[in-house]
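J.: Next up is a structure, given as structure tokens.
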Amino acid sequence: MIIGIPMESEARETRVAGTPKSVAQLIKLGYEVVVEAGAGTKAAFLDEEYTEAGARIASSGEVWASDIIAKINEPTEREIGAMKAGAYLIALIGAPRNPELLERLAAAQLKVLAMDSVPRISRAQSLDVISSMANIGGYRAVIEAANVFGSFFTGQVTAAGKVPPAKVFVSGAGVAGLAAIGTANSLGAIVRATDIRAEVAEEVESMGAEFVVVEAESQQSTDGYAKEATANYAAAAARMYAEQAREVDIIVTTALIPGRPAPRLLTSEMVASMKPGSVIVDMAAGAGGNVEGSRPDEIVTTANGVKIIGYTDLPGRLPTQASQLFSQNIVNLMKLLTPQKDGELILNLEDVVQRGMLVAQDGAIMWPPPEVAVSAAPKQPEITPPAPAPTPDKKPMDRRITYAVLATCALALLALFTISPSGLIGHFMVLMLSVVIGFYVIGNVSHALHTPLMSVTNAISGIILVGCLLGLVLINQDAPVLAGANLAMLILSILGILLASINVFGGFTVTQRMLKMFRKG
């Protein structure tokens with residue numbers, strides 16, 4: 001089968017659905033690939049690179065006559081008419097908001113796989129274009145904010161004075177939000193973030209940001225996307241947004257609800273309370289906007305000097321990277337659809353991933369797909385406490401026996417001290433104190449530090465080693481080695497040297513391996 005990669009018809013679109021690298025991977029799956037002349041120019045991919053990868057450069061008409069069309073955006077009327085009946089179309093479709101487009105695609109007898117309808121399950125992550133593009137969009141949102149912001153992101157101490165770091169607030173901690181948090185943090189800003197899903201607080205904090213809690217009942221996601229807020233939550237969130245708007249310098253909003261207009265998060269009053277020169281990036285401007293006053297693909301400057309950026313093509317502002325990720329998502333999809341790697345696409349409707357992406361087939365509209373129940377929140381397992389095992393009736397030990405045992409041990413210890421050399425008592429007390437102190441010190445050390453702690457004990461083993469060597473020196477200075485006490489000292493010294501040496505060299509080996517983990521290269 002032939003896969004066609006056309007040039008995108010939208011004037012602002014800079015991405016392309018196939019790169020030279022992805023073309024080579026598709027050819028390995030057994031497909032023939034044709035690329036429209038100049039399709040990758042805006043993304044810095046030349047026709048010669050596609051030819052070297054094994055593709056054939058062709059005219060627009062020849063490309064649209066292919067068995068499979070892979071493109072970025074939803075097709076126009078002209079493009080639908082250029083496709084042959086029974087062909088496959090792989091693109092962003094926007095099925096929830098484009099019922100008329102679905103009817104036209106079905107009427108044209110096309111098999112349509114929507115790249116923006118990938119189910120949010122672990123097995124489908126490699127196909128998730130929404131996440132790929134959101135990652136780039138979140139990064140670019142902060143870059144665009146930095147471009148129009150009139151100061152540093154990071155704090156600076158200069159000869160002319162001290163510059164405080166910028167304060168950045170990110171609304172929404174999905175893929176785009178986390179990318180924005182990471183970028184702002186890497187630029188040195190003080191970052192705060194919030195989300196309607198309380199379970200993402202740990203992710204936000206792991207990115208170096210402070211999670212701002214809304215004092216209301218939060219919601220857990222059942223499909224990986226945020227849900228529409230309740231009235232109580234919306235009221236509490238409005239108070240929080242008003243407070244943050246007065247304090248921060250930059251706000252990035254990423255809140256989107258699939259199939260619905262974007263929720264309004266910032267009102268004009270909140271924007272008016274911001275400091276002059278502040279910046280807002282409304283990543284949902286194309287879906288109605290999270291910010292009152294934002295306009296798609298424009299920068300709006302308010303009366304108090306706040307700039308509201310409403311770009312809807314943030315991923316396309318990094319066309320090379322965005323094309324690479326988008327095309328790799330398509331390659332991963334084609335690997336799923338080509339199990340035999342023989343260049344023949346096989347659609348399996350029993351697979352929830354393929355069924356979830358299929359929006360039109362053989363004249364029928366296949367949207368919406370059957371619901372796939374997933375959850376981004378960890379499920380709490382239901383733990384049934386085990387029934388208590390029957391215990392045999394045990395009679396407590398008689399106290400008289402206990403006291404007798406303790407008294408016997410004390411007398412034995414006293415007798416040992418009586419017949420032992422005078423220095424033994426002092427050594428015994430040191431031993432007991434060492435056991436007690438060691439137990440409490442090591443017992444309070446985290447398990448993660450046990451390995452470096454073991455390397456520290458080399459010093460103790462080194463003392464033992466020196467003592468044993470000193471014992472051997474004393475033996476050589478005395479009379480016959482095999483006489484009485486000297487023989488016992490010889491055996492103990494040799495045994496001590498052996499064991500202490502193992503501990504010393506083993507400890508240094510472990511320490512060396514541990515340090516290698518933190519060395520670059």
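J.: Return the pairs, sorted by first residue and then second, in which the second residue is open to solvent by less than 70 Å² (accessible area, probe 1.4 Å), the first residue lies in segment 460-474 and is β-branched (Val, Ile, Thr), the beta carbons are less than 8 Å apart, and the residues are 6+ apart or on different chains.
T.: Ile464/Gly496; Ile464/Ala500
J.: Would you confirm, using the coordinates I've provided, whether Ala91 is of a type in the set (Gly, Ala, Ser) and touching a Lys or Arg at 6+ places or on another chain (Cβ under 6 Å)?
T.: The answer is yes for Ala91.
J.: Which of the numbered conditions does Ile57 fail, given that it passes all the others? Conditions: (1) of a type in the set (A, V, I, L, M, F, W, C); (2) within 36 Å of the chain's Cα centre (by Cα); (3) open to solvent by 10 Å² or more (accessible area, probe 1.4 Å).
T.: All conditions pass for Ile57, except number (2).
So that you can scan it fast, the table gives a plain yes or no per residue for (1) hydroxyl-bearing (Ser, Thr, Tyr); (2) within 37 Å of the chain's Cα centre (by Cα); (3) at pLDDT 80 or above:
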{"residue": "Val441", "(1), (2), (3)": "no, yes, no"}
{"residue": "Val445", "(1), (2), (3)": "no, yes, no"}
{"residue": "Thr457", "(1), (2), (3)": "yes, no, no"}
{"residue": "Leu474", "(1), (2), (3)": "no, no, no"}
{"residue": "Pro480", "(1), (2), (3)": "no, no, no"}
{"residue": "Leu487", "(1), (2), (3)": "no, no, no"}
{"residue": "Leu499", "(1), (2), (3)": "no, no, yes"}
{"residue": "Met514", "(1), (2), (3)": "no, yes, no"}
{"residue": "Met517", "(1), (2), (3)": "no, yes, no"}
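J.: Which of (1) open to solvent by less than 30 Å² (accessible area, probe 1.4 Å); (2) touching a Leu at 6+ places or on another chain (Cβ under 8 Å) does Ala146 not meet, given it meets every other one?
T.: (1)
J.: Related question: Modelled with pLDDT of 95 or more and open to solvent by less than 40 Å² (accessible area, probe 1.4 Å), is that true of Ala322?
T.: For Ala322, the condition - modelled with pLDDT of 95 or more and open to solvent by less than 40 Å² (accessible area, probe 1.4 Å) - is met.
J.: Right, here's the next one. Tally the residues that are outside any helix (DSSP H, G or I) and either closer than 19 Å to Gln109 by Cβ or open to solvent by 40 Å² or more (accessible area, probe 1.4 Å) (or both), restricting the search to segment 340-364.
T.: Number satisfying all stated conditions: 17.
J.: Moving to a separate point now. Please return the ranges of strands (runs of 3 or more DSSP E) entirely within segment 39-119 where 3 or more residues are touching an Asp or Glu at 6+ places or on another chain (Cβ under 8 Å) and at pLDDT 95 or above.
T.: Here the list reads 56-58.
J.: Something else now. Between a first residue in segment 315-338 that is over 23 Å from Leu358 (Cα atoms) and polar (S, T, N, Q) and a second residue that is open to solvent by 50 Å² or more (accessible area, probe 1.4 Å) and not in a helix (DSSP H, G or I), which pairs have beta carbons less than 8 Å apart while being 6 or more apart in sequence or on different chains?
T.: Thr320/Ala44
Okay, residues lined up against (1) farther than 27 Å from Leu92 by Cα; (2) exposed (fewer than 15 other Cβ atoms within 10 Å of the Cβ); (3) touching a Leu at 6+ places or on another chain (Cβ under 9 Å):
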| residue | (1), (2), (3) |
| --- | --- |
| Ile250 | yes, no, no |
| Leu256 | no, no, no |
| Arg260 | no, yes, no |
| Met270 | yes, no, no |
| Gly293 | yes, no, yes |
| Asp297 | no, yes, no |
| Lys307 | yes, no, no |
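J.: Just checking, how many residues over segment 66-78 are surrounded by fewer than 20 Cβ atoms within 10 Å (Cβ to Cβ) and either within 19 Å of Ile346 (Cα to Cα) or aromatic (Phe, Trp, Tyr) (or both)?
T.: Going through segment 66-78 one residue at a time, the tally reaches 1.
J.: So, in segment 501-512, of the ones that are within 21 Å of Ile464 (Cβ to Cβ) and not small (Gly, Ala, Ser), which residue ends up farthest from the chain's Cα centre (by Cα)?
T.: My answer is Ile502.
J.: So, Phe169, is that one of a type in the set (Phe, Trp, Tyr) and not in a loop (DSSP other than H, G, I, E, B) or not? Before the answer, list the steps.
T.: Details: of a type in the set (Phe, Trp, Tyr): yes; not in a loop (DSSP other than H, G, I, E, B): yes.
For Phe169, the condition - of a type in the set (Phe, Trp, Tyr) and not in a loop (DSSP other than H, G, I, E, B) - is met.
J.: Just checking, which of Ala176, Ala193 is open to solvent by less than 50 Å² (accessible area, probe 1.4 Å), within 20 Å of Leu266 (Cβ to Cβ) and outside any helix (DSSP H, G or I)?
T.: Ala193
J.: Collect the residues in segment 79-114 that are in contact with a Ser or Thr (Cβ under 7 Å, 6 or more places away or on another chain) and open to solvent by 10 Å² or more (accessible area, probe 1.4 Å), keeping them in residue-number order.
T.: Within segment 79-114, no residue meets the criteria.
The values are calculated or read from the model by the stated rules, or taken from the named source; none is laboratory data. Computed from a prediction, not measured in an experiment: that's the story for all the values here. All Cβ positions, glycine included, derive from the backbone under ideal geometry; neighbour counts span all protein chains shown. Side chains included, ligands, DNA and RNA excluded: accessible areas come from the protein's heavy atoms. Shrake-Rupley method; radii C 1.70, N 1.55, O 1.52, S 1.80 Å.
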